[in-house]
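Since the structure comes first, as structure tokens, the remarks are kept for the end.
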Amino acid sequence: MALKTIFSSSSERHWTTELSEKFLLAVIGIATLVAAGQHIWLMIEQQTVLLADLFLLFIFAEVIGMVGAFYTSHRIPVTLPIIIAMTALCRLIVLHSKEMEPLTLLAEAFAILILAGASYLMSLKDKLSLEKTILRKEALRSGAAPTDA
């Protein structure tokens, strides 16, 4: 019962779900830090920093940011994985552009464009959701019934 009160941040989910989610995200965060450290060490050993290396470090930073966002807000913004996917596609283009078929290159660039559009739409949805939340809180403070408008 003590674990339930410690790990439960949502009354809708079972405490085992909360614990499992937090544990796995901690593992992802630690593994990402280890991978970033290994890659940085490799760059130091090779004494070179390529654009693909910077993209990979940016991906590591975004994954850490996503884990941190979950621990602070108990939710993962949908735009973060989309941005990670866009960065990964950019890295692939940079790594393989010389030997890549032009049609494949065009398809990957189009995929980035689609992901950018999706990210923009999701940010608009998040902004609208935030505005609704603020309106509901203001309505509750003033004693009026909240609306779903």
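Pick from 103, 19, 50: which residue has the top mean-square fluctuation in a GNM of the chain where Cα pairs under 10 Å get a spring? Per the Cα network of the chain with a 10 Å cutoff, 103 tops the list.
When the chain is modelled as a GNM with alpha-carbon springs shorter than 10 Å, which of 139, 69, 88 fluctuates the most? Largest GNM mean-square fluctuation: 139.
Scan the chain and report its longest stretch carrying no GluC sites (Glu not before Pro) that are both in a DSSP loop and have at most 11 other Cβ atoms within 10 Å. The reported range is 13-98. Separation of segment 78-110 and segment 111-144, taken as the distance between their Cα centroids, equals 28 angstrom.
With the largest listed first and rounded to whole Å, the semi-axes of the equivalent ellipsoid of the chain from the Cα gyration tensor are 37, 24, 12.
The lysine pair count for the chain, using Cα distances under 27 Å and pairs eight or more places apart or on different chains, is 5. Counting only trypsin sites (Lys or Arg not before Pro) that DSSP places in a loop and that have at most 16 other Cβ atoms within 10 Å, the longest clean stretch of the chain runs over 14-74.
The three principal axes of the Cα atoms in segment 2-76 give end-to-end lengths of 51, 18, 13 Å, sorted in falling order.
Dipole magnitude for segment 2-76: computed about the Cα centre from +1 point charges on Lys and Arg Cβ and -1 point charges on Asp and Glu Cβ, it is near 300 debye. Label sites at residue 100 and residue 38, each approximated as a point 7 angstrom past Cα along Cα to Cβ, lie 2.5 nm apart.
Helical runs assigned H by DSSP (4 residues or longer) give the chain a calculated mean residue ellipticity at 222 nm of -28500 deg cm²/dmol, each run adding -39500 (n - 2.57) before division by the residue total. Per-residue Karplus couplings for segment 57-71, computed as 6.51 cos²θ - 1.76 cosθ + 1.60 with θ equal to phi - 60°, are listed in order as 5, 5, 4, 4, 5, 5, 5, 4, x, 5, 5, x, 4, 5, 5 Hz, Gly and Pro entered as x. One chain, two ends: residue 111 and residue 50. Fully extended at 0.36 nm per residue, the span grows by 19.6 nm beyond their Cα-Cα distance. For the chain, the Cβ-based charge dipole about the Cα centre amounts to some 620 debye (Lys, Arg positive; Asp, Glu negative; other atoms uncharged).
Computed from the coordinates by the stated procedures, all read-outs in this text should not be read as laboratory data. Computed from a predicted structure; not experimentally measured. For neighbour counting, all protein chains shown are included, and Cβ atoms are generated from backbone atoms with ideal geometry for every residue, glycine included.
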